[in-house]
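What follows is a single structure, written as structure tokens, with notes after it.
Derivation of every value follows stated rules applied to the coordinates shown; laboratory data play no part. Given the structure is predicted, the values throughout are model-derived calculations rather than measurements. Reconstructed Cβ throughout: ideal geometry from the backbone, glycine too, with neighbour counts over all protein chains shown.
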Amino acid sequence: MAMVNGVSAKRGMVGLLFGLISLPAHAQVIQQSEVVSATGQQIQTALEKDPDGLRLDRVFYRDDLSLPDGKVSWKIPAGVGEWRAGRQSVPVEVTVNGKVAKVVQVTALLKQSARYLVLKRPLKRGDVVTDADLKWEESELDRQPVGWVDDPKQVVGQSASRQLQANRPLQSDWFSAPQVVARGERVQVVASRGALQIESTAIAKSAGRVGETITMENPASHKKFDARITGPGRAEVLAW
């Protein structure tokens, strides 16, 4: 019985020894909440130098961090890249006693204060935008504005290429030049050759915008020809 107890005690000591060997000496554990707080402070400091008005909303990191014993400090390495609104993966160096012990990858949610144009009223497809249709809005966004209208000159005088709702940030690809010639409209057509210039009236076989080429028809002879639209109710013959 004593032998059995001795063997059990010996095995217990061996297990304890291996357990101690497997653990890092003088290890410290940084709680997940501390990692989030420390890395967040580093990101906030970096954003203070950013000219685009970005703000840290929150940091995501889910694990505790095991480190050697010693004084811990945190640093975002140089060359992280361009800060932008939205979720962004950020590397943070963790040093212990002045030496890099680990690089943790946290996810930062950044927001940006932006000013943008919206419509005061809904527009139907083909409606032309006026100054009175527009107003400025400002809010914090969690995504990078891409293709948004930031100058009324971009859209005033343009027509809606789709049905548009009010109070939504406007995107430039929602608009196009308005049609200045309607299908079936009588158009003043100019044919030029050197100093010779002849004006006549033709019927547009399709609608069109300035700069577009459409088919015209001579109302007397019913002969069809191509002409380039130069303005409302006006076009020039391409070849004659």
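Applying the selection to segment 136-167, what residues are of a type in the set (Lys, Arg) and touching a strand residue (DSSP E or B) at 6+ places or on another chain (Cβ under 6 Å)?
So in segment 136-167, the residues of a type in the set (Lys, Arg) come out as 143, 153, 162.
Result: ARG143, single match.
Which one is nearest to GLU140 (Cα to Cα), of the residues in segment 45-59 that are surrounded by 14 or more Cβ atoms within 10 Å (Cβ to Cβ) and free of Cβ contacts under 8 Å to residues at least 60 places away in the same chain?
Only one residue tops the list, namely LEU54.
Determine, yes or no, whether VAL189 is over 30 Å from ARG87 (Cβ atoms) and in contact (Cβ under 8 Å) with a residue 40 or more places away in the chain. Break it down into steps so the answer makes sense when it comes.
Numbers: over 30 Å from ARG87 (Cβ atoms): yes; in contact (Cβ under 8 Å) with a residue 40 or more places away in the chain: yes.
Taking the combined requirement at face value, the residue satisfies it.
For segment 213-240, what are the residues that are of a type in the set (Gly, Ala, Ser) and either surrounded by 13 or more Cβ atoms within 10 Å (Cβ to Cβ) or in a strand (DSSP E or B) (or both)?
Taking segment 213-240 and keeping what is of a type in the set (Gly, Ala, Ser), we get 220-221, 227, 231, 233, 235, 239.
Within segment 213-240, ALA227, GLY231, GLY233, ALA235 qualify.
Sort out which residues of segment 89-126 are surrounded by 17 or more Cβ atoms within 10 Å (Cβ to Cβ) and in contact with a helix residue (DSSP H, G or I) (Cβ under 9 Å, 6 or more places away or on another chain), and write them in order of number.
Across segment 89-126, the qualifying residues are VAL90, VAL92, VAL94, VAL104, VAL106, ALA108, LEU110, LEU117, LEU119, LEU123.
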